[in-house]
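Quick notes on the structure that follows.
The values are calculated or read from the model by the stated rules, or taken from the named source; none is laboratory data. These figures come from a predicted structure and were not determined experimentally. For neighbour counting, all protein chains shown are included, and Cβ atoms are generated from backbone atoms with ideal geometry for every residue, glycine included. These area figures cover heavy atoms from the full protein model, side chains too; ligands, DNA and RNA do not enter into them. Shrake-Rupley method; radii C 1.70, N 1.55, O 1.52, S 1.80 Å.
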Amino acid sequence: MSAKEFDNKVAIVTGAASGLGRATAFAFAAEGAQLVLADVDAAGLEATNAKVQEMGGKAIAMPTDLSDAAACSALAPKAVEAFGQLDVVCNVAGAFRFDHATAITPEIWDRIHGVNVRGPFFVIQSALPYLIERAGSVVNVASASAFLGHAYLTHYASSKAALVNLTKSLAMEYIQSPVRINAIAPGGINTAMTMGTSIPEGIDFSLVGRYSPLRGSSEPEDLTDLILMLAGPRGKSIHGACLNADRGITAG
Ligand SMILES: NC(=O)c1ccc[n+]([C@@H]2O[C@H](COP(=O)([O-])OP(=O)(O)OC[C@H]3O[C@@H](n4cnc5c(N)ncnc54)[C@H](O)[C@@H]3O)[C@@H](O)[C@H]2O)c1
């Protein structure tokens with residue numbers, strides 16, 4: 001049997017119950033990685049885990065609410081307990097909703113920033129000692145919204161901008177260690193996030209039309225090779241980057 005890119009590697013994938021996180025889990029499993037799958041949606045997580053096992057992969061499912069910092073910090077030690085090492089962290093999970101700025105409560109704000117920024121930070125913080133030991137990597141999933149003022153997404157867009165700077169700040173702090181820390185910024189992806197989102201009353205559509213992808217949306221599988229490239233040896237020259245994969249949304 002020929003060698004696979006992530007043979008003998010262990011990866012944590014958050015958001016693994018659905019969409020891009022699930023597709024990322026399948027892509028890592030196909031390339032030989034052993035996986036810790038995390039998501040708040042326990043049923044979706046089990047479905048992903050079952051498919052990974054069917055593919056002949058090794059994985060454990062960890063139902064996790066990423067807005068709970070202690071639960072985030074538990075993921076890396078669990079990976080090491082289960083598989084003896086940790087090579088990759090992929091923070092794919094995300095929380096998204098449209099709201100008028102006047103309707104955003106402290107609870108809604110904290111939920112969005114908790115899942116999209118604070119959670120990834122505490123997953124990475126507890127993983128860093130293991131990743132440094134293994135010359136491993138982090139891939140965070142940001143968004144084109146990090147780079148654009150985005151009406152009705154004050155909480156989401158600001159959380160993704162923070163995630164990009166979190167990526168760069170950690171990359172600088174650990175520039176003298178062998179760990180690599182990067183992000184990707186997709187545009188529209190055909191997943192539950194975009195298809196299942198409700199639109200609040202009174203939205204001015206003339207303000208949001210400019211974000212619709214002129215070249216259409218990506219399928220989750222269109223983006224997984226970019227994530228694997230950044231996570232593994234093909235990405236060895238890339239550190240502290242956020243790679244746009246938005247079909248031109250932020251081009252102009
Ligand atoms: N769909 C898009 O158009 C789009 C565009 C740009 C960026 N993104 C980003 O891509 C990533 C993946 O999203 P997707 O499109 O696959 O959407 P998705 O809704 O299919 O998947 C998001 C996953 O995050 C999980 N999640 C939400 N809150 C959580 C919590 N508190 N704890 C743990 N898990 C939680 C959900 O259960 C779900 O499985 C997200 O970070 C998202 O912000 C998506």
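Side notes on the structure shown:
- There is at least one residue in the range 66-81 that is of a type in the set (Asp, Glu) and away from the ligand (no atom under 11 Å from the Cβ).
- So Ala135, is it outside any helix (DSSP H, G or I), out of contact with any strand residue (DSSP E or B) (no Cβ under 7 Å at 6 or more places or on another chain) and either at pLDDT 95 or above or within 10 Å of the ligand (Cβ to nearest atom) (or both): yes
- For the range 163-201, the candidate set comprises residues that are in a helix (DSSP H, G or I) and not aliphatic (A, V, I, L, M); within that set, the residue that is least open to solvent (accessible area, probe 1.4 Å) is Thr167.
- Pairs with Cβ under 8 Å, 6+ apart, first in the range 1-15 and under 18 Å from Gln85 (Cβ atoms) and of a type outside the set (A, V, I, L, M, F, W, C), second assigned to a loop (DSSP other than H, G, I, E, B) and open to solvent by 10 Å² or more (accessible area, probe 1.4 Å): Lys4/Glu31; Lys4/Gly32; Glu5/Glu31; Glu5/Gly32; Asp7/Glu31; Asp7/Gly32; Asn8/Gly32; Lys9/Gly32
- Top-ranked residue of the range 32-65 - restricted to ones that are acidic (Asp, Glu) and surrounded by fewer than 20 Cβ atoms within 10 Å (Cβ to Cβ), ranked as farthest from the ligand (Cβ to nearest atom): Glu54
- Residue match in the range 104-121 (condition: within 16 Å of the ligand (Cβ to nearest atom) and within 23 Å of Lys58 (Cβ to Cβ)): no
- Looking across Asp110, Asp99, Asp68, one residue alone is charged (D, E, K, R), closer than 17 Å to Val208 by Cβ and surrounded by fewer than 19 Cβ atoms within 10 Å (Cβ to Cβ). It is Asp99.
- Scanning the range 202-241 for residues that are under 30 Å from Pro178 (Cα atoms), part of a helix (DSSP H, G or I) and aliphatic (A, V, I, L, M) gives Leu223, Leu226, Ile227, Leu228, Met229, Leu230, Ala231.
- Pairs with Cβ under 7 Å, 6+ apart, first in the range 115-126 and closer than 17 Å to Arg97 by Cα, second part of a helix (DSSP H, G or I) and open to solvent by less than 10 Å² (accessible area, probe 1.4 Å): Asn116/Ser159; Asn116/Lys160; Asn116/Leu163; Val117/Ser159; Val117/Leu163
- Exactly one residue among Ala82, Ala93 is outside any loop (DSSP other than H, G, I, E, B) and small (Gly, Ala, Ser), and that residue is Ala82.
- Residue-level check: of (1) near the ligand (Cβ under 10 Å from one of its atoms); (2) farther than 22 Å from Gly44 by Cβ, Ala93 misses just (2).
- Residue in the range 54-69 that is touching a strand residue (DSSP E or B) at 6+ places or on another chain (Cβ under 8 Å), of a type in the set (S, T, N, Q) and assigned to a strand (DSSP E or B) present: no
- Test: residue in the range 93-105 that is at pLDDT 95 or above and touching a strand residue (DSSP E or B) at 6+ places or on another chain (Cβ under 6 Å): yes
- Thr194 meets the conditions (1) near the ligand (Cβ under 10 Å from one of its atoms); (2) in contact with a strand residue (DSSP E or B) (Cβ under 8 Å, 6 or more places away or on another chain) in every case but one. The failed one is (2).
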